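The values are calculated or read from the model by the stated rules, or taken from the named source; none is laboratory data. It should be emphasised that the depicted structure is a prediction, and the values quoted were computed from it without experimental measurement. Neighbour counts are summed over all protein chains in view; Cβ atoms, including those assigned to glycine, are modelled from backbone coordinates with ideal geometry. Quick note on the areas: whole protein, heavy atoms, side chains included, nothing else; ligands and nucleic acids left out. Shrake-Rupley method; radii C 1.70, N 1.55, O 1.52, S 1.80 Å.
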Amino acid sequence: MDHFQRLLQLFKSAHWEEGQALWLQILEQELTTAKPLKEIAQELIKRGQQKLLQEMLAKSVQNLLNTHDLNLRLEVLHLFAEFRPDTREFMLPYMQAFIELHRERKYIKDMAVRINQKRLTLLQFIDTLDKLLVFQEGSIVKHKSGWGIGKVLSIHPETMRMVVDLQAKPKHDMDILAASDCLIPLAPDNFEAMLVFQPDILKREAEEDILKLLHRILEFHKDEISAREFKEYLCKTIIPEEKWTKWWGQARKELLKDPYVEANAGAHSKYKLRKEPMGWEDEIRGQFDQTLPLEQPLVILEYIKHTNIGANYEYFGNTLLKLCQEYMANQQPWYAFECYLILEICIKNGGLQLELPKLDTIIGKDIIAIYNNLRINALAQDTLNFLLKFQPEWDKHLGYIFKKGTDLARDTLYKYLQKDKKRDGFVVKIAQEIIGDPLNAPDGLLWFARQVFNDKLPRIEGITGFYTVLVTLIRTGGTLKSLRQNEIVKKINKIFSSELAKKILKTINKLEAFELFQLLETVMFLPANFKQGLQDQIKEKHSDLFEELQQPIYTTEEGLARYQAELSQLSEVEIPKNQKAIGDALALGDLSENAELDAAREIQFQLADKLKKMKHDIARAKVIDFDRINLKKVCIGCTVTLEDAKKNQIQYSILGPWDVDTEKGIISFLSPNAKAMLDASCGDTISLPNGTYTIVSIMSYQTIKK
């Protein structure tokens, strides 16, 4: 046991005096670093011996003040300061040792003296002096807040300032102490530093020593790094965009062969440096064993793409065979079918002597279900070929596939229809199946919406239009939100981007814009920034429409009372009745074939829109003040007598839309006839749809009513 371990044991067993004696002995004989003392100091603090610790540290400092080992002297003084944070003792000895140790930096002495004039504690003084060491002329630095990378051009000790030539702030003058808080020193061979100051070396490595360049990036990045991140680093200045795919293909091979690089075998591989070398075949085997069974076929497919020697084919083949049998026993033929297809490749490539399961046993009558669960892109075409072979009447299941299949299943079949020139004949049927039953096929609706929004569907008669799909998607999302189908709602949410908002504004007409604005008011699941942003843009583009909609709705007290009674009937009777119908439909259990629920939900949409409109209308209502109307001209609230050329007379009373009674000649001020008469005077001639008339009298409606 060395002296430090012995000292630690003495303090742990509370032998304080014996421990002090050994501490002093160590100081006199063999201390070359203060690091062991720090562990001992922490033990004394843990045992409540702060006073003893401070005494021993003070003796240590006194003992080492004249040591020629400047680093040791500074270390012990720093340790003393850490456990005596308020002390101002030993400032001068620390400064002298610091200046002597860094005497090659001419400016250090002047700056240290200036800092010593401030009233700092010893710990503050040490931390401040350390900041002076961060930079020297020619140092490469990176700004923490995005001003880029640059070099220290000059240091001025008399002002304690320096000039830094940053990418975004050329020749920027900074206080040295402040600079240490906002600048990060970079080594000359740091990847980021080389991108700025030595890009030619990196370009040469990209051509001649790919692995060296990749190691630079891995060392710089530190965490796991993906192919996309490699591209972001290199396509800026080192590798042209058009050459990336070919270059990365070679680079990936180098990474996979490198025993010092850890690379997982997933479709989205990530890479990192390892401390000890390991062969890729061993690594992929280890990753495979740690992967969930459902993901193991993906690992094997990636392995098949990149292996050169195929050392794992037998192990993987046996595992796939076992998985295939387990999936069949668990009645999951789609997963068993995946294993079968990959097992075929393993047997062929690896020369394995394995007996494949019988294909008819796997497929049976489940080829539609197998295809609908398609999830691996590399197996898509083979799975489609089996669908076409084993289900000759596949077209009769087209609607079901597009409603219930995965996006990969839809995309693969749609490309086949497109390539085989059968798309136009089937796409209307697909649209009708999905749009006609969105709650039973939300994933299908989402897929169809993407095709419509991205203009990927043919322009033929019968295809559901952009606006109808948009509204259906929004309403379906709202319903699914109320049913707490949160996963699919999250998927729907992702489609509502700023790009889609631009397309919506460009595509829909004025009336659709207003209807959409009102619909957006009723839904709560959409991203707030998308919803508010789109509403603001609709208002801005169709400002005249919204100005009109903000105008008051004139009415009599009786008309307002009737409309309020309708609103009460809606909110207190019809909507609760609909909610009960939805509850009853939900109680039936199976939501996939629940016509009652679909009908109730459709009525719910209609009632919600109507309620919103009626509340908005009542908020705009303004009761006509008959005492203040001006009868010199036709106005709201008056009764107008008209006469034609044959002296035949008709009478109109111009009131609000909730007062209309055509049998009594009461029309709305918003009607074409009323708009033709408003502001006209007695004796004026006006044209109405049923003829030309002269105004012979203008009276208050209240007078006529009485």
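One residue is enough: does segment 14-28 have a residue meeting the conditions under 23 Å from LEU101 (Cα atoms), open to solvent by 80 Å² or more (accessible area, probe 1.4 Å), assigned to a helix (DSSP H, G or I) and modelled with pLDDT under 80?
yes
Within segment 453-465, how many residues turn out to be closer than 9 Å to ALA431 by Cβ and modelled with pLDDT of 85 or more?
So the count comes out to 0.
Please indicate, with yes or no, whether at least one residue in segment 328-343 is within 30 Å of VAL471 (Cβ to Cβ) and open to solvent by 10 Å² or more (accessible area, probe 1.4 Å).
Within segment 328-343, none of the residues are within 30 Å of VAL471 (Cβ to Cβ) and open to solvent by 10 Å² or more (accessible area, probe 1.4 Å).
Where in segment 416-511 are there helices (runs of 4 or more DSSP H), lying wholly inside it, with at least 1 residues that are among the hydroxyl-bearing types (Ser, Thr, Tyr)?
466-482, 498-507
For segment 232-241, enumerate the residues that are more than 28 Å from the chain's Cα centre (by Cα) and either hydrophobic (A, V, I, L, M, F, W, C) or not in a loop (DSSP other than H, G, I, E, B) (or both).
Within segment 232-241, ILE238, ILE239 qualify.
List the number of the failed condition for PRO85; all other conditions in (1) open to solvent by 80 Å² or more (accessible area, probe 1.4 Å); (2) modelled with pLDDT under 85 hold.
(1)
Could you grab me the full set of residues in segment 623-653 that are open to solvent by less than 30 Å² (accessible area, probe 1.4 Å), outside any loop (DSSP other than H, G, I, E, B) and either more than 13 Å from GLN702 (Cβ to Cβ) or not hydrophobic (A, V, I, L, M, F, W, C) (or both)?
Listed by number, the residues that qualify are THR639, VAL640, THR641, LEU642, SER653.
If you check GLU100 against the conditions, is it modelled with pLDDT of 85 or more, open to solvent by 80 Å² or more (accessible area, probe 1.4 Å) and part of a helix (DSSP H, G or I)?
So GLU100 passes the test.
If a residue has to be of a type in the set (Val, Ile, Thr), surrounded by 16 or more Cβ atoms within 10 Å (Cβ to Cβ) and over 18 Å from ILE126 (Cβ atoms) to count, how many in segment 39-82 make the cut?
1
Tell me which of these ASN318 doesn't satisfy, since it passes every other one: (1) open to solvent by 30 Å² or more (accessible area, probe 1.4 Å); (2) free of Cβ contacts under 8 Å to residues at least 40 places away in the same chain; (3) among the polar types (S, T, N, Q); (4) out of contact with any Leu (no Cβ under 9 Å at 6 or more places or on another chain).
The one condition ASN318 does not meet is (4).
Output the residues belonging to segment 287-310 that are without any contact (Cβ under 8 Å) to a residue 40 or more places away in the chain and open to solvent by less than 70 Å² (accessible area, probe 1.4 Å).
GLN287, PHE288, THR291, PRO293, GLN296, VAL299, GLU302, TYR303, THR307
Go over the candidates ALA587, ALA581, ALA561 one by one and state the one that is at pLDDT 90 or above and of a type in the set (A, V, I, L, M).
From the options ALA587, ALA581, ALA561, the qualifying one is ALA561.
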